[in-house]
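Notes follow once the structure below has been shown.
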Amino acid sequence: MKTKIVIIDDHQLFREGVKRILDFEPSFEVVAEGDDGEDALEIVESHKPDVVIMDINMPNMNGVEATKQLIEANEDTKVIILSIHDDENYVTHALKTGARGYLLKEMDADTLIEAVKVVADGGSYLHPKVTHNLVNEFRRLATSSGQATPTQPLQPEIRRPLHILTRRECEVLQMLADGKSNRGIGEALFISEKTVKNHVSNILQKMNVNDRTQAVVFSIKNGWVEVK
């Protein structure tokens with residue numbers, strides 16, 4: 001069965017661009033589109049999509065409020081927020097309402113497709129740049145709470161998880177924590193994006209997590225990656 005998708009964005013040209021990208025994926029079907037949050041409530045009720053891709057800034061009702069109402073009506077609704085804002089306050093606010101994903105509008109086609117697949121499968125997905133900013137916020141909060149000081153770093157020793165991952169997979173994991181996209185990782189390691197995707201899939205399977213965000217958070221807590 002195809003993944004049914006609804007796109008909600010008040011900019012028609014951008015919306016059409018997103019739809020065109022999704023139409024290239026044989027397992028996707030865009031079943032409806034809308035201009036604002038009020039449209040989203042009606043469209044989701046009528047079409048019962050698997051994934052809702054929703055702009056954060058829209059007239060009448062913004063994407064965060066629409067997401068909140070959609071989740072209140074049906075907690076299984078899977079929403080990916082689209083935004084130009086990479087500030088952690090925007091991200092955390094959107095996630096608190098129940099959104100499963102947060103993408104920046106500067107995303108590439110591969111990131112969009114990957115995000116929809118991950119969220120449709122029940123996982124969560126954050127744009128790589130957003131992940132990096134959240135890691136920095138994690139470090140700031142840890143420092144301000146006394147867990148780390150300039151003379152007592154947050155992570156005095158990095159313990160790479162070589163007991164479950166290969167050295168190459170450890171490198172990829174670190175770059176995920178650094179906020180690099182698959183393309184950026186491939187360029188840094190001189191490997192193809194396909195190879196990067198295979199490494200990421202292996203990492204998620206070995207770590208028993210659903211998505212790269214969970215992998216990064218788990219790795220930070222266990223001291224497996226450097227928080228830069």
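The values are calculated or read from the model by the stated rules, or taken from the named source; none is laboratory data. The structure displayed is predicted, hence computed values, not measured ones. For neighbour counting, all protein chains shown are included, and Cβ atoms are generated from backbone atoms with ideal geometry for every residue, glycine included. What goes into the accessible areas is simple: the full protein's heavy atoms, side chains included, and nothing from ligands, DNA or RNA. Shrake-Rupley method; radii C 1.70, N 1.55, O 1.52, S 1.80 Å.
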Quick check: is even one residue across the range 151-161 open to solvent by less than 50 Å² (accessible area, probe 1.4 Å) and modelled with pLDDT of 85 or more? yes
Total residues in the range 179-203, condition open to solvent by 30 Å² or more (accessible area, probe 1.4 Å) and either within 18 Å of the chain's Cα centre (by Cα) or not aliphatic (A, V, I, L, M) (or both): 14
Pick out, from the range 1-107, the strands (runs of 3 or more DSSP E) lying fully within it that include 2 or more residues that are free of Cβ contacts under 8 Å to residues at least 12 places away in the same chain and not assigned by the TED database to the domain that holds Arg183. none
If a residue must be part of a helix (DSSP H, G or I) and touching a helix residue (DSSP H, G or I) at 6+ places or on another chain (Cβ under 7 Å), how many such residues does the range 167-183 contain? 10
In the range 94-112, what residues are open to solvent by 20 Å² or more (accessible area, probe 1.4 Å) and polar (S, T, N, Q)? Thr97
Go through the range 99-139 and report how many residues are at pLDDT 85 or above and either more than 25 Å from Ile21 (Cα to Cα) or among the basic types (Lys, Arg) (or both). 3
Could you please find all residues in the range 39-60 being closer than 22 Å to His85 by Cα and either open to solvent by 50 Å² or more (accessible area, probe 1.4 Å) or in contact with a Lys or Arg (Cβ under 8 Å, 6 or more places away or on another chain) (or both)? Val51, Val52, Asn57, Pro59, Asn60
For residues that are assigned to a helix (DSSP H, G or I) and of a type in the set (Ser, Thr, Tyr), scanning just the range 191-228, find the one that is farthest from Thr166 (Cα to Cα). Thr213
